[in-house]
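This report concerns only the one structure given below.
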Amino acid sequence: MLIFTFILLPIISALILILYERINSESGSLITFATTLINLSLSVLLLFILNGGQMVYHFGGWPAPIGISLVLDSFSLLMLFVINLVSCVSMLYSIDYIKHYDSRTKFFILNLFLIAGLNGVVLAGDIFNLYVFLEIIAFASYALIAFGLGKEDMEASIRYQVIGTIGSFFIFFGIGFLYSVTGSLDLADISKIIYQSASTNRAILFAIPFLLFGFSLKAALVPFHAWLPDAHPTAPAPVSAMLSGVVIKVSGIYGIVRIFFSVTGVSPTLLNILLYAGFISIFFGAFAALYQNDFKRILAYSSISQIGYIMLGIGIGTPLGYAGALLHILNHAAFKSLYFMVAGSVDYATGTRDIRKLGGLSKKLPVTFLASISSSLSLAGIPPFGGFFSKFIIILALVKAGKITLSILIILSFLLTLAYFLKIQGKVFLRSQNSELYPNIKEVPYSMRLAMIIMAIMCLGLGLGFPWVLKIIINSAVHIFSNGVGYGNIISGL
């Protein structure tokens, strides 16, 4: 029942806000923040007590594959921690940030449904409910991107809806094919049937391209990335933090890992596809970021690049590569959600995201500036920040796998990352030009500052606490890549 709380609690809180419309926006923000704080506390507690173990909840006492199950293993626990960390800090940031928007209570209702959907995806033990929760994420995201109700907001949301619907269609088609071949929707049962029947295993090859296309689109991997740079600039800053920090990872990366590594199995061909899709995404995203002038658009393309590192690590196909990828999921969630909060704070204080019109903000927004330094150093892979360790492990995995040329090119990609973060620091915070345009601005409100401080400490803490993070969180989660059959045993209790 404990793991059901991650889904049930946000839904109950959302229903309270819906039923009691007279609740003012401040109370709504506090209810939402309290909900996310409880979920975060539970996920941290489970990190210590689960210790690489598993937890299963069967609805109505009906075991799989007959009944519906929620499953918590070390990988889904890692994702739960990431989801609830970013959502908690983002909702803290929203308490003051959202005050200049209308319909503030609706903002928190949508976020609660988004959080419930995210938690549901990583806990779902059957592929049908996984898809249902994916759609909850999608609809909540569409509404949140359009929340400002401006022309740009609506256009970005509609584009995201069109592309997201295409991705959902391919995932649905792939699920339908899996069901037609195996006669089951339960992930463990599908895995069991595939491993026991060679003919079924071959038939599943037809479902794999549809599932891979759909999940890659939701992960914004190149060439399925077009929706992301349009969605980020228009969305409220805490929504951008959620989109980049967790949504693309849960909707895309988690889906790829859970379906292919736990259910259908992976082939060398699939690993190579992931490897080179990640490689292309790294360089495309980094080059594109260099040529942007919208603060949040730079970060959107940067997200495409950083997701590439995660896919590259997975595509290496070794335990070391998997460890680097999982660690980068955690690090990217911290530094990129923080950077979107920084961008939101700059926009909040100055009224613009155009870095050509900004300058001299380091003295006027000191907390925001220091937060940007923390996120930049982790993003660029500078020790002792967390981003250094995940990227170092991925490079080490490439070298040990004999991919020397790729490892050299990835090291060179760090220079591109360094270039676009120096561009941000130079134009937004350090240069004196344009500083006279903002003589009376002051640091952002307290909740926004506190959220950035927490995430800035997290960026550094993930580096300084690297051995502990690797031991407690990452190492046990790596087993999901090499022990897909074990996932089936968890659900079925074999």
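Taking the listed residues 131, 142, 160, the one that is of a type in the set (Phe, Trp, Tyr), within 27 Å of residue 36 (Cα to Cα) and either touching a residue at least 60 places away in the same chain (Cβ under 8 Å) or not in a helix (DSSP H, G or I) (or both) is 160, with no other qualifying. Filter region 123-154 for residues that are of a type in the set (Gly, Ala, Ser) and within 21 Å of residue 296 (Cα to Cα); which is modelled with the lowest pLDDT? Within region 123-154, the match that is modelled with the lowest pLDDT is 150. The residue that is nearest to residue 438 (Cα to Cα), among those in region 335-358 that are touching a Leu at 6+ places or on another chain (Cβ under 8 Å) and of a type outside the set (A, V, I, L, M, F, W, C), is 350. Scanning region 194-214 turns up one or more residues that are modelled with pLDDT of 90 or more, crowded, with 22+ Cβ neighbours inside 10 Å and either touching a helix residue (DSSP H, G or I) at 6+ places or on another chain (Cβ under 6 Å) or at positive phi (or both). Among the residues making up region 330-361, those that are crowded, with 24+ Cβ neighbours inside 10 Å and either hydroxyl-bearing (Ser, Thr, Tyr) or within 17 Å of the chain's Cα centre (by Cα) (or both) are 331, 332, 333, 334, 335, 336, 337, 338, 339, 340, 341, 345. Filtering region 431-448 down to residues that are in contact with a Phe, Trp or Tyr (Cβ under 9 Å, 6 or more places away or on another chain) and in a helix (DSSP H, G or I), which residue is nearest to residue 307 (Cα to Cα)? Filtering first and then ranking leaves 448.
Between 377, 365, which is buried (at least 19 other Cβ atoms within 10 Å of the Cβ) and in contact with an Asp or Glu (Cβ under 6 Å, 6 or more places away or on another chain)? Steps first, answer last, please.
Details: 377 fails: in contact with an Asp or Glu (Cβ under 6 Å, 6 or more places away or on another chain).
Going through 377, 365 in turn, just one is buried (at least 19 other Cβ atoms within 10 Å of the Cβ) and in contact with an Asp or Glu (Cβ under 6 Å, 6 or more places away or on another chain): 365.
If the condition is being under 26 Å from the mean Cα position of the chain (by Cα), among the aromatic types (Phe, Trp, Tyr) and crowded, with 17+ Cβ neighbours inside 10 Å, then region 415-448 contributes 420, 421. Residues in region 177-192 that are over 12 Å from residue 263 (Cβ atoms), assigned to a helix (DSSP H, G or I) and not hydrophobic (A, V, I, L, M, F, W, C): 179, 180. Note on region 390-430: residues that are of a type in the set (A, V, I, L, M, F, W, C) and touching a Phe, Trp or Tyr at 6+ places or on another chain (Cβ under 8 Å) amount to 8.
For region 395-408, state whether one or more residues are buried (at least 21 other Cβ atoms within 10 Å of the Cβ), part of a helix (DSSP H, G or I) and polar (S, T, N, Q). Scanning region 395-408, I find no residue that is buried (at least 21 other Cβ atoms within 10 Å of the Cβ), part of a helix (DSSP H, G or I) and polar (S, T, N, Q), so the answer is no.
A count restricted to region 374-394 and to residues that are out of contact with any Gly (no Cβ under 8 Å at 6 or more places or on another chain) and either within 14 Å of residue 275 (Cα to Cα) or without any contact (Cβ under 8 Å) to a residue 12 or more places away in the chain (or both) stands at 1.
In region 117-128, how many residues are more than 15 Å from residue 239 (Cα to Cα) and assigned to a helix (DSSP H, G or I)? Residues flagged as more than 15 Å from residue 239 (Cα to Cα) and assigned to a helix (DSSP H, G or I) within region 117-128 amount to 7.
The lone criterion from (1) under 29 Å from residue 451 (Cα atoms); (2) assigned to a loop (DSSP other than H, G, I, E, B) left unmet by residue 222 is number (1).
Residues that are at pLDDT 90 or above, small (Gly, Ala, Ser) and in contact with a Leu (Cβ under 6 Å, 6 or more places away or on another chain) are absent from region 92-105.
Give region 215-260 a look and list any residue that's of a type in the set (D, E, K, R) and surrounded by 24 or more Cβ atoms within 10 Å (Cβ to Cβ), or say none. If you could, list the steps in order and put the result at the bottom.
Initial filter on region 215-260 (of a type in the set (D, E, K, R)): 218, 230, 249, 258.
Scanning region 215-260 gives 218, 249, 258.
Candidates in region 49-68 are the residues that are more than 18 Å from residue 127 (Cα to Cα) and assigned to a loop (DSSP other than H, G, I, E, B); of these, the one that is modelled with the lowest pLDDT is 52.
Among the residues of region 272-302, just one is under 13 Å from residue 410 (Cα atoms) and free of Cβ contacts under 8 Å to residues at least 40 places away in the same chain, namely 276.
Looking for something surrounded by 19 or more Cβ atoms within 10 Å (Cβ to Cβ), closer than 13 Å to residue 329 by Cβ, modelled with pLDDT under 95 and touching a helix residue (DSSP H, G or I) at 6+ places or on another chain (Cβ under 9 Å) - is there at least one such residue anywhere in region 281-291? Within region 281-291, not a single residue is surrounded by 19 or more Cβ atoms within 10 Å (Cβ to Cβ), closer than 13 Å to residue 329 by Cβ, modelled with pLDDT under 95 and touching a helix residue (DSSP H, G or I) at 6+ places or on another chain (Cβ under 9 Å).
Figure legend. Inter-residue proximity from region 397-408: first residues touching a residue at least 12 places away in the same chain (Cβ under 8 Å) and among the polar types (S, T, N, Q), second residues in a helix (DSSP H, G or I) and surrounded by 13 or more Cβ atoms within 10 Å (Cβ to Cβ), beta-carbon distance below 9 Å, spacing 6+ or different chains. Indicated pairs: 407/394; 407/395; 407/396; 407/397; 407/398; 407/399.
The values are calculated or read from the model by the stated rules, or taken from the named source; none is laboratory data. The structure displayed is predicted, hence computed values, not measured ones. Every residue, glycine among them, receives a Cβ derived from its backbone with ideal geometry; neighbour counts consider all protein chains shown.
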